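J.: Starting off with a structure, shown below.
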Amino acid sequence: MAGAETTSLNAFRRTVYENELEEPEYSFADDRSDGIDIHAFGRDFASVGTDEGYMLLTNGMSDRRMTLPASHREKSEKPRAELMWYVHEPTPEIIVNLRWLAERPFRDATWFGFGHRVADADSTGRGMRFQDISLSHADHRN
């Protein structure tokens with residue numbers, strides 16, 4: 001995808017994010033032509049009391065198609081997605097891990113679907129462990 005088109009799609013998605021979630025408190029830009037930006041939106045996770053943190057959303061992952069198995073293409077699953085991760089602080093380690101995770105489908109010619117789990121990301125040498133990822137469709141293109 002051309003850099004200008006990617007920039008336009010990123011700007012559109014960011015506008016959608018801001019309409020739904022307000023302006024992000026932090027944004028972590030990725031200056032590569034096919035880069036994936038990460039936006040951190042402040043949130044209170046507690047239903048009672050306070051438990052403040054951030055919802056991290058990728059912006060740019062859905063510009064590229066993931067490699068879906070034929071059996072899933074037939075089920076009309078979407079080959080494009082963005083990642084969302086709830087954290088207490090968007091530390092540099094978390095941003096590195098989310099960006100690594102967002103690049104994984106393209107680096108390894110694989111895909112993420114709803115309910116997929118990453119069993120142990122610590123094997124990446126990044127010093128962190130997580131289990132669950134959530135996917136949302138950024139757009140409805142195939």
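The values are calculated or read from the model by the stated rules, or taken from the named source; none is laboratory data. Keep in mind it's a predicted model, so treat the numbers as computed, not measured. Heads up, the Cβs are rebuilt from the backbone with ideal geometry, glycines too, and the neighbour counts pull from every protein chain shown. Quick note on the areas: whole protein, heavy atoms, side chains included, nothing else; ligands and nucleic acids left out. Shrake-Rupley method; radii C 1.70, N 1.55, O 1.52, S 1.80 Å.
J.: Among the residues in region 114-134, are any closer than 22 Å to Glu18 by Cα and at pLDDT below 90?
T.: Yes.
J.: Shifting gears a bit: If you check Val87 against the conditions, is it open to solvent by 70 Å² or more (accessible area, probe 1.4 Å) and of a type in the set (A, V, I, L, M)?
T.: No: the conditions fail for Val87.
J.: When the residues of region 29-51 are filtered to those that are over 20 Å from Ile94 (Cβ atoms) and of a type in the set (Val, Ile, Thr), which remaining residue is least open to solvent (accessible area, probe 1.4 Å)?
T.: Taking the candidates together, the pick is Thr50.
J.: Tally the residues that are part of a loop (DSSP other than H, G, I, E, B) and over 14 Å from the mean Cα position of the chain (by Cα), restricting the search to region 84-93.
T.: Residues in region 84-93 being part of a loop (DSSP other than H, G, I, E, B) and over 14 Å from the mean Cα position of the chain (by Cα): 3 in total.
J.: Further question: Going residue by residue through region 94-110, is there one that turns out to be in a loop (DSSP other than H, G, I, E, B), modelled with pLDDT under 70 and among the polar types (S, T, N, Q)?
T.: no
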